[in-house]
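Below is one structure; the comments refer to it alone.
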Amino acid sequence: MNERERILAGELQKWVSVRKIFPCGTLESKRGAKGIVFYFRAYVGGKTNRFAVGSFDEQLPRNAIAPSRKGYSIEGAARAAAAMADKHQEYLEKGGYAAYLKEVSIEKEAIRIAEQLETERFKINGGTLNGLMDAYIDYLTANGRASAQSVCMAIRKHIIDAHPELIAKFAKDISSDDIANIIRPIHLDGKGRTANKIRSYLHAAFQIALEAKYNPSLPQQLIAFELTINPVSIVGQNSDANRADKNPLDGGEMKQYWQLLNHVAHPRKQAALKLHLLLGAPRIIQLVRLNHKDVREEYLILQDLKGKSRAPRPYYLPITDLIREQLDILQGDSDQWVLSTDEVNHLEPTTLSHWAKFAVGDEIENFTLKRTRSGVETLLASLKISGEIRGYLQSHGIGGVQDKHYNAYDFLDEKRDALLKLERFLTA
């Protein structure tokens, strides 16, 4: 009889040898009350071990490899048994295929426990303020918001690390008093602008979770927070901290700052600070993210991170001869970032501010690097540069339908003229 005939002729609960399996063992079959089942038989230490392969599907072609919903063909069962034989040989010193199954079982159990712990963690944190802030950061990241990393760092510092008792509280139970207790210490520490930012992040996190049930564009899992109000809404902002800087460097201080930069001993620090000023004092966070690939022959491209757009908005600044000199000095430390202290990471905004503060010392009263930004705008106004061009140069005050879609190249000549006037004033 051939293999099929032997299998079908097998008596109830009797073993039938089907074929030898390489590299070891035998494919067998046994008829039971529910049909015929294939087994892989092998030996360990002189003892017989059998392992179920699967049911026999009589309707499959003899050489079909893939099993059906009912079971295997003869050839398919032999292939499956051969895979089992390979594992049996591999684990022979540990106990053969049985040892392999035990190891797999342990791994599956470990995965099950890990998944259970993750489920429990979600149950514990998923509805908490901690969980809400994590979900908010995930939302920013998933939507490609360039600010996601800085928001994450601020939330961790001023909310998660600073208020462990509050972050364990369910988000739906967070009160306006709780929000005020998070923000007040930041304000009392003299960091009004930071306090406003933290309030803004909290308000946004609660708001998207509040709207998720009725806004299909928001992540569905946010509905699980079961929010009915936004407790941040009635907590006031520090309006003074949001006002524009009213203390710009005057013309004399701008010249003095430039002269002080000439005495910075470290050439790369000097070049970085000069580049910032010569470009019209762009926002520091934008400058430190300047990538080598965005430095072209006649212009460079900065990424404006402000606003509600999901992606940063590029804006273009011309490269003058003096700006090119600074860029040439800054070549070399990183393949990616123009401003870098190592080969991987861009310079931190606070680092550039500290360099400027150290360069100035006590020479300019109450000096901060951000005062150069308002100082540049004031100086350019005195040099008869229009408010429109100043706005495009510093990437602020852009509004209206035409301005939202303006071609940045259209203003390169005007920006170049403004920066050259700035250079002539500083170096005169």
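The values are calculated or read from the model by the stated rules, or taken from the named source; none is laboratory data. None of the values given here were measured: they were computed from a predicted structure. All Cβ positions, even for glycine, are placed from backbone atoms using ideal geometry, and neighbour counts span all protein chains on display.
Just a few scattered comments:
- Of all residues making up segment 16-41, the number that are surrounded by fewer than 17 Cβ atoms within 10 Å (Cβ to Cβ), in contact with an Asp or Glu (Cβ under 8 Å, 6 or more places away or on another chain) and in contact (Cβ under 8 Å) with a residue 24 or more places away in the chain: 2
- Count - residues of segment 64-116 that are over 14 Å from residue 40 (Cβ atoms) and not in a helix (DSSP H, G or I): 10
- Residues that are of a type in the set (D, E, K, R) and without any contact (Cβ under 8 Å) to a residue 40 or more places away in the chain, drawn from segment 1-15: 5, 6, 11, 14
- Any hit, segment 202-216, residues being in contact with a Phe, Trp or Tyr (Cβ under 8 Å, 6 or more places away or on another chain) and farther than 16 Å from residue 127 by Cα: yes
- Residue 66 meets all of the listed conditions (1) among the small types (Gly, Ala, Ser); (2) under 17 Å from residue 101 (Cβ atoms); (3) touching a helix residue (DSSP H, G or I) at 6+ places or on another chain (Cβ under 7 Å) but one, namely (2).
- Pairing residues of segment 66-90 that are closer than 12 Å to residue 18 by Cβ and touching a residue at least 60 places away in the same chain (Cβ under 8 Å) with residues that are assigned to a helix (DSSP H, G or I) and among the aliphatic types (A, V, I, L, M), at Cβ distances under 8 Å and at least 6 apart in sequence or on separate chains, gives 74/7.
- Among helices (runs of 4 or more DSSP H) entirely within segment 161-251, having at least 2 residues that are buried (at least 19 other Cβ atoms within 10 Å of the Cβ) singles out 176-188, 192-211.
- Members of segment 351-399 that are of a type in the set (Ser, Thr, Tyr), in contact with an Asp or Glu (Cβ under 7 Å, 6 or more places away or on another chain) and outside any loop (DSSP other than H, G, I, E, B): 374
- Residues of segment 256-275 that are of a type in the set (A, V, I, L, M) and part of a helix (DSSP H, G or I): 260, 261, 271, 272, 273, 275.
- Residue list for segment 298-326, restricted to those being modelled with pLDDT of 90 or more and not in a strand (DSSP E or B): 298, 319, 320, 321, 322, 323, 324, 325, 326
- Among the residues of segment 276-297, those identified as part of a helix (DSSP H, G or I) and farther than 19 Å from residue 417 by Cβ are 276, 284, 285, 286, 287, 288, 292, 293, 294.
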